[in-house]
Structure formats: C-alpha cells, structure tokens
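Colleague: Quick one: this structure, given as structure tokens, is what I'll be asking you about.
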Amino acid sequence: MSNFNFLKNIDNSLFKTASEAEKLYKDEYFDQCIIQTRKLAENLCKNTLKNEISANDTFDEMLATLKDKSNGSAREKEFIDDLYFLKKEGNLSAHSIQTKQSAITALECLRRAFEASLNYAISKDKTNKDLLYLDFDEELLILGVRKQKTLQEKYLEEKAKAQRNIKPQKITTQKQNKPKKTKPITQKTKNKSKHKITNKKIKKAKFSIFWKIITLMAIIGVIAGYFLVN
C-alpha cells in the first residue's frame, strides 16, 4: 500500500518514483528520500509542460515556463510552490556537506510530493471526484496499512448521528395578557371635567355668600333688640 496509489492509473512511472521515496523514508534514508521527491517533482513538471519545453531545459527553466503559463488559480499556485520546495530541498540534500537530513524535512517533502502529485492527477482526470477527498496518511507510510476511517469521515458520521438524535421540538404559543383598552381622552371628556370643576366652585361660592348674609342678619337682629330694650 502507498499514499501514491492514485498515480498508478495516470502514470505508472511516476507512481514507482513516489513509492520508492516512501520506501527510502521507512528505511530511514532521509537524504535519499528527499532527493527522490525532487526527481518526482521534476518529472511532474516535465509531464505537465510536455511539448512546451525542450529536452535540454533545466528544472529551473521548466518551473519558470510553468509559472509564466499559469492561469493564477489557487490549485496551480499550490502545485508550483510545492515543486519549488521539493527542488530546493532536493538540491540541499544532494550538494550539502551534511550527510544526514532530518526525518521531519523528509516527511515534509513526502507531503509536498503527495500534494503536487494529487494536483497533477486532478488536472489529468477532472471527472474523478474521489481524488478530492484523499489525504496524506502517515500510518500508511510507516505501517503500510491505511487507517480504517479518516478524521473527516469520523466527523461526518458523528455529525449525522447527532442530527438523527435531535427530536423536533413542539412549538407552543403562550397566551399573552392583552392590555386593557383605555378610552382615549377626547375633547368632550375634557370639557365635561372642566364643567364639573366650575360647577363645584360656583356652588361653593353661593354657599359661602348665604352664610355670610345669615350671619349679618343675626348681628343686625341682636343690635336692634338691644336698642329696643333700652
């Protein structure tokens, strides 16, 4: 088993190159693994350009041509970036005095080689939608056995279960206490209240005058009786 199995039906020679890089990594030949991924990247670039390059073109010249002919899409940009990365790391491993590159760098090269190969495969077979769901599998690289389920698959399954377990809630409407209707204060009611107030004032004024007259007459009667007696 290999992460690059999808290349078999597109270009078997590319698959063999990629598969060899995986074997070198598992055997801890990290420098050789990095150089092998560079070889894969160069062949991917060459196969993409085909008749648009000459046999004497270097990898740098091919990459420059590929960049010039790019339509600027995100997929093409990622493809070119991965090829540049693999060329740079491959050259460092091939020409560096240091004899051992780290396993982390080799693993990153394999990841980039996988992504570049996947983008190449999608450009060659646009009808194969399964290619869009492929991910680089480290367990497959080390153990040679693919995981039963990817994280994405597990997530989608759990999400589907959660949606099935959700019961539809009954929509209940609560009766709202309607506010009591209050009659608007009209001009007529205003006038009535004004008349009531004025009538009360008039009655009160009449009442006070009446008692004043009674009191005055009583005083006059007392004075008159006094003079008659004397």
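The values are calculated or read from the model by the stated rules, or taken from the named source; none is laboratory data. As the structure is a prediction and not an experimental result, all values here were calculated from the model. When we count neighbours, we look across all protein chains shown, and the Cβ atoms used for this are built from the backbone with ideal geometry, even at glycine. To get the accessible areas, we keep the full protein, side chains included, count just its heavy atoms, and leave off ligands, DNA and RNA. Shrake-Rupley method; radii C 1.70, N 1.55, O 1.52, S 1.80 Å.
Colleague: From the residues in the range 75-116 that are of a type in the set (A, V, I, L, M) and open to solvent by 80 Å² or more (accessible area, probe 1.4 Å), which one is farthest from L24 (Cα to Cα)?
Modeller: I97
Colleague: I would also like to ask the following. Given the residues E52, E138, which is the only one that is in contact (Cβ under 8 Å) with a residue 12 or more places away in the chain and open to solvent by less than 90 Å² (accessible area, probe 1.4 Å)?
Modeller: Answer to the check: E138.
Colleague: Here's something else I'd like to know. Tell me which residues, restricted to the range 1-47, are in a helix (DSSP H, G or I), open to solvent by 30 Å² or more (accessible area, probe 1.4 Å), within 27 Å of T127 (Cβ to Cβ) and free of Cβ contacts under 8 Å to residues at least 40 places away in the same chain.
Modeller: N5, N12, S13, K16, N43, K46
Colleague: Would you mind telling me which numbered condition in (1) modelled with pLDDT of 95 or more; (2) in a helix (DSSP H, G or I) K50 fails?
Modeller: Failed condition: (1).
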